Structure formats: structure tokens, C-alpha cells
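J.: Input: one structure, supplied below.
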Amino acid sequence: MIYLDNVAGTKPDPRVVEKMLPFLTEKYGNPSAHFYPLGRESFQAINEARENVANLINAEPDEIIFTSCGTESNNLAIKGVANSFKYEGKKHIVISEIEHFSIQNVTAKLSNQGYKTTKLKVDNNGKINLEDLKKAINDDTLIVSIMHANPEIGVIQNIQEIGEVCKEKGVLFHVDAIASTGHIDVDVKKFNCDLLSLSAQNFYGPRGVAALYIKKGVHISPLFDGGYQENGFRSGSENVPGIVGLGEAAKIAKLEMVQYSKNMKYLRDKLINALKGMFSFLHITGDEKDRLPGHVSFWIEYIEGESILLWYALKGICAASGSACSSNILAEDEEDLAASHVLTAIGVPNDICAGSITFSMSKYTTESEIDEVIKVTPEIVNRLCEMSPYYKK
């Protein structure tokens, strides 16, 4: 099996698993119970993990809040700010057209409470225009939320410049860095951001644990009512093994990210160059330069993304489809499947595009695996072209 869906979740590093195991067996103490050794051990392990995560993104340890996943971190950032400032009257939010559903759906729900959302358009490479951002921010704007890197097309935004605009305009700035943390430089001070989301599963840590950076002085309301874990921002018993794993993954990424990302970039460019030379009707999506190091995304005229995905699976290749056949999302007419909002935003024509393929590599991806993908792709595409009535026309 060749696993190339790492943007959805990476294989945990064995060192991460080894670090977690004791906290799944003999080190099971309640971290809130500081008065006995078993509890203090868990408490200290959480603090160590907090320091490692903070060190990875150039933050302070007490600015890191642990959550269950990236979606929760994004929800806590946007809803937390909205609820905290609801009596100040500001009810305008700025996002981009290509944000994750955990941002898009949150802002849509907040519209029921009188909030208005401006969605910034992106160019054909998936990047927002800074002048559009400046025009969108007004006296009623509460927060801007822009993802650092898009998981479907891999494009990396000019986050530092976006942060400078937000700082100049005096509005809060949240960065969804879930796809980028642990792969490229993420620095909350350079970004001038007030909140930043990250997730362990995206850089060789365990599933079910993530974090939210909250800059000192930024006030947010918690999503849950309960105890006072995580300084009151996130109630509930801590996932100690998961948090320990996230901390270890952050520690390893800080030391090794530059080297493994360099190798992923080499494999990415090799695959992109090979794909571009195969068919005139194969199109790479997203900025080819400013993209995640291990990310390749493309679409083929008249061929469904999910059909290609199934054929790759038959060849033992695991990939993802940012498809016009987006799973579990129905359009207004339930007989039609909804188009990817990301593909639509970057101007991919609906009449000849039926979905894209995303290959996302990890530090475990080998060159021989990429060579195999290059080898089988023409066979798959030619077979599907023969079957496509649209292509024949």
C-alpha cells in the first residue's frame, strides 16, 4: 500500500507512540490531583507538552490550550471571540472562499445571531488579494480568519502580510495552521496573529488531540461549561496520552522538519513535473511554488475525481478527491452531488471538471512509491478516457 492522503492524517512517529504508552498503562493519574505523585506526573507531562508545542510555533507555554481536534480549535477561536465580544457590537467576520468547513459552517451559523461574513475571493492559484482584505475590514469587523495552507490544493497564503494588515486595522486575526504546522515554518509572532489552530494528526502525532494558541490579552469564551482545566478555556478531563503525543510530535518536528520537508518537496516536484508531461488535459491546481512541500493536486478534463480515486485504490494507492462529488455533501438537488467550494473558487470550470485528486506525502514517503504512481497514472487515465462519453465527444 502506498499512502498519499497524509493531509488528512499522518502515520504516528514510533517515538511519539513510545512516549505515549506509559500514560496509557501505568501513568494514569489525574493531572488535576497535584497532591499525589501519580497525579503530579501527569500534570508535569502536560506542562512539558505545552512547552514543546509553544516552542514549535514561537509562543509562550501559557498561550497554548489543548483541544480534541482541529475543528474544535477553529470553533473555539471563532465562537469564543464572537461570544466574548458580543456586547461590544462588532458583528462582522472576514474569511476566504476556500476556508475549511469548520470555519465556513461556524460563520454561517453565527449569521443567525446577527453576524455578517465577508468571503474574500481568491485568484486561480488560490491566494487572496491584500487590497481586497483591506477593503473588506471595516469599523464593525471583529475578526479575520485565513488558513495558512489549503489541504485540498496545497496553496500557502501570505500570512505574514495578512497579519500585518489586521494589526494595522486593529482587528483580531485567527490562522488555521492545521495543514501547515510541522511541515513549514509557523511563527505566531511573525504572523502577527492572535489565535492559531494546529492538530497532532497532521504532523505524525496521534488523532484526537489538537491545540489552540491564544495570544496573551485576547479574551474568548469557552465552548463547554464545566471545570477549570486549560485555564478555564476548555473544560473536561485532559487526554493525557494524546497531549503527551502532541508534545513529542512538536519536539521532533522542531528538530527534523527542515530536512524531511526538503525531501518531500523533491518528491512533490518530481511528481508534478511527470504529471504535467503526461496529458494536455491534466491540470495542476494551486500555486506550484507557494504550496505545501509534499502536496500535489490536479484535475483531468471530463473524468470524475472519484473514479480516478477508485482506480488508484485498486492499484494500492491511497489518495483523496477534492471532488465535484464531495462525499456526504448534497447540493440543493439531491440527485446532484455538490461541487468542491475550493475548486469553484479558483475558477475550475464545472462543465469539464468532475473533481480533483490530491496526493499528500509524508516523511515516510519514498521515491520508489512516487515512481509507482507515475507509472500507473497513464494506464488509469487512458482507461477512464475510453469509458468517458464526455471525453469522446
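The values are calculated or read from the model by the stated rules, or taken from the named source; none is laboratory data. Being a predicted model, the structure only gives us computed values, none of them experimental. Counting neighbours? That spans all protein chains shown, and the Cβs are built from the backbone with ideal geometry, glycine included. The protein model used for the area step is the full one, side chains on, heavy atoms only, and it has no ligands, DNA or RNA in it. Shrake-Rupley method; radii C 1.70, N 1.55, O 1.52, S 1.80 Å.
J.: Just need a number here: residues in the stretch 30-41 that are within 14 Å of Glu230 (Cβ to Cβ) and either modelled with pLDDT of 95 or more or in a helix (DSSP H, G or I) (or both).
T.: Qualifying residue count for the region: 0.
J.: Testing Ser73 on (1) in a loop (DSSP other than H, G, I, E, B); (2) open to solvent by less than 20 Å² (accessible area, probe 1.4 Å), one condition comes back false. Which one is that?
T.: Of (1) in a loop (DSSP other than H, G, I, E, B); (2) open to solvent by less than 20 Å² (accessible area, probe 1.4 Å), only one is false for Ser73: (1).
J.: Report yes if Ala49 is under 23 Å from the mean Cα position of the chain (by Cα), modelled with pLDDT of 95 or more and over 30 Å from Lys121 (Cα atoms), otherwise no. Can you show your working first?
T.: Working: under 23 Å from the mean Cα position of the chain (by Cα): yes; modelled with pLDDT of 95 or more: yes; over 30 Å from Lys121 (Cα atoms): yes.
So Ala49 fits the description; yes.
J.: Search the stretch 296-316 for residues being in contact with a His (Cβ under 9 Å, 6 or more places away or on another chain) and under 29 Å from Ile184 (Cα atoms), and hand back the single one that is modelled with the highest pLDDT.
T.: The extreme case among them is Phe298.
Quick grid of which residues meet (1) assigned by TED's automatic domain parsing to the domain that holds Gly154; (2) touching a residue at least 60 places away in the same chain (Cβ under 8 Å); (3) aromatic (Phe, Trp, Tyr):
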| position | (1), (2), (3) |
| --- | --- |
| Val244 | yes, yes, no |
| Ala249 | yes, yes, no |
| Leu271 | no, yes, no |
| Lys276 | no, no, no |
| Ile300 | no, yes, no |
| Glu306 | no, no, no |
| Trp311 | no, yes, yes |
| Gly316 | no, yes, no |
| Ala319 | no, yes, no |
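J.: Please verify whether Lys79 is surrounded by 16 or more Cβ atoms within 10 Å (Cβ to Cβ), over 27 Å from the mean Cα position of the chain (by Cα), within 24 Å of Leu120 (Cβ to Cβ) and in the same structural domain as Lys109 (by TED's automatic domain parsing), treating the condition exactly as stated.
T.: So Lys79 fails the test.
J.: Is the stretch 48-69 home to any residue that is out of contact with any helix residue (DSSP H, G or I) (no Cβ under 8 Å at 6 or more places or on another chain) and assigned to a helix (DSSP H, G or I)?
T.: There is no residue in the stretch 48-69 that is out of contact with any helix residue (DSSP H, G or I) (no Cβ under 8 Å at 6 or more places or on another chain) and assigned to a helix (DSSP H, G or I).
J.: Looking only at the stretch 326-359, count every residue that is modelled with pLDDT under 70 and surrounded by 23 or more Cβ atoms within 10 Å (Cβ to Cβ) and tell me the total.
T.: 0
J.: Would you mind finding the one in Gly114, Gly182, Gly126, Gly154 that is on the phi > 0 side of the Ramachandran plot, open to solvent by 20 Å² or more (accessible area, probe 1.4 Å) and either under 16 Å from the mean Cα position of the chain (by Cα) or at pLDDT below 95 (or both)?
T.: Gly114
J.: Here's a follow-up. Scan Gly247, Gly242, Gly226, Gly217 and give me the residue that is at pLDDT 90 or above and surrounded by fewer than 15 Cβ atoms within 10 Å (Cβ to Cβ).
T.: Matching residue, one of Gly247, Gly242, Gly226, Gly217: Gly217.
J.: Return the total of residues in the stretch 195-235 being in a loop (DSSP other than H, G, I, E, B) and more than 16 Å from Gly9 (Cβ to Cβ).
T.: 17
J.: Where in the stretch 79-190 are there helices (runs of 4 or more DSSP H), lying fully within it, with 2 or more residues that are closer than 23 Å to Pro222 by Cα and touching a Ser or Thr at 6+ places or on another chain (Cβ under 8 Å)?
T.: Values: elements: 101-110, 130-136, 159-169.
The qualifying helices (runs of 4 or more DSSP H) are 101-110.
J.: Is it true that some residue in the stretch 88-99 is more than 30 Å from Leu343 (Cα to Cα) and surrounded by fewer than 17 Cβ atoms within 10 Å (Cβ to Cβ)?
T.: Yes, there is a match, as at least one residue in the stretch 88-99 is more than 30 Å from Leu343 (Cα to Cα) and surrounded by fewer than 17 Cβ atoms within 10 Å (Cβ to Cβ).
J.: Looking at the stretch 278-298 only, could you name the residues that are in contact (Cβ under 8 Å) with a residue 40 or more places away in the chain and of a type in the set (S, T, N, Q)?
T.: Matches in the stretch 278-298: Thr285, Ser297.
Conditions (1) closer than 24 Å to Leu56 by Cα; (2) in contact with a Gly (Cβ under 8 Å, 6 or more places away or on another chain); (3) among the basic types (Lys, Arg), marked per residue:
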| residue | (1), (2), (3) |
| --- | --- |
| Leu133 | no, no, no |
| Asn150 | yes, yes, no |
| Lys169 | no, no, yes |
| Ala177 | yes, no, no |
| Asp185 | yes, no, no |
| Val188 | yes, no, no |
| Pro206 | yes, yes, no |
| Val209 | yes, yes, no |
| Tyr213 | yes, no, no |
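J.: Inspect the stretch 6-27 for any residue being within 26 Å of Lys190 (Cα to Cα), open to solvent by less than 50 Å² (accessible area, probe 1.4 Å) and either touching a Pro at 6+ places or on another chain (Cβ under 6 Å) or in contact (Cβ under 8 Å) with a residue 24 or more places away in the chain (or both) and give the result as yes or no.
T.: Checking the stretch 6-27: at least one residue is within 26 Å of Lys190 (Cα to Cα), open to solvent by less than 50 Å² (accessible area, probe 1.4 Å) and either touching a Pro at 6+ places or on another chain (Cβ under 6 Å) or in contact (Cβ under 8 Å) with a residue 24 or more places away in the chain (or both).
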